Amino acid sequence: MAEYDTISKHLIQTYPADFVRFTLGRADVEIRAILDPEIPMVETRLTDSLIRVWIDGEEVLVHTEFQTTDSRDTPMPIRMASYIIRLIEYYGLPVYSHVIYLRPDAGRRDEGLYLQKHPDYPVVVRYKVIRLNEIDGQDIVEGGHPGLLPFAPLMKRPAGMTSEEWLRQCIRRTDAVSLARAEKANFLGGLAVLSGLAYDPNTITSIISQEGLMDAIMRESSFAQYLKEQGVKQGIEQGIEQGIEQGIEQGIEQGIEQGIEQGIEQGIEQGIEQGIEQGIERGIQESIREALAVRFDAGVAGQFADRIAVIDDLQRLKQLLHAAVQVNNLAAFQRVLDAEA
């Protein structure tokens, strides 16, 4: 889950005021400094974000941790108590700590409290828990805090709006933010990656492509390589899954005549082989479409999508991928595609 952590840390360091006002629920906050997240004690610890702010007439530390899942090795209350005590000891300032859960099903049992239940030696350490799926996303979209927009698809959508409609609205609102071209591409790329915690990757890429934003993201976003790898990975996984299912069905049919056990065994073997081959084919098909969209007009290049999708010959797909990368225009690619038909 390192990619989600990286994006979250980048956004909070770029837009510290947006996150501080969001976590504290206050607008009267002055950002003083973004501090080194490392706590140089006996055992070095790294926090996700540490910001020194001025609020209510004093300096305080706003500490934030991002979690995609529940903390497994060390329970979150113990981790947070450790961070808070170390920060108080090192900086000598009040600490306002928060944990933000990104995935919809994460942190449900986190009460924001470390409690040592001993009658003579009680210890209580509190922190604030923020589950994004419980936050009204429309307030963020309309709230004028652009640094939070890439997280909006993970938040609660307006009543009566489908999940796809909400994702599209979040993408459009993010695209409307006034930013330099490369920075906006990173902004949208971050939204696309984070959205993967709650949405099917095909839905995300489909909406981004329909909005005419895929070209900018794949050309200029630092997250482009990750998005490409996810697309190929998904194609292989889907291909293997479909192949195994088909193989098992074929094996069972053969098993009626040759024996159920032998049929299932053959079906699984055939399914794995067929699945791997289908996964590779899907990955190459996606690479062809991406190469055409990046090098030429994405809308015009889309006209070849249906023809490419039905090609199941691996050698032919490889030839078309070479053509997609090397030809000078779409007309030349169409001639190669027609010649291979």
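Readers should treat all values here as calculations from the given coordinates under stated rules, not as data from a laboratory. All values derive from a computational prediction rather than experimental measurement.
Couple of notes before you dig in:
- Under a 5 Å amide H cut-off, with hydrogens placed 1.01 Å from N, Thr68 pairs with Leu102 among residues at least 5 apart or on other chains.
- Taking all pairs of distinct alpha-carbon atoms in the range 2-133, Kirkwood radius in angstrom: 15.4 Å
- Size descriptors for the range 137-220 (Cα atoms only): Rg and Dmax, in that order, 11.7, 36 Å.
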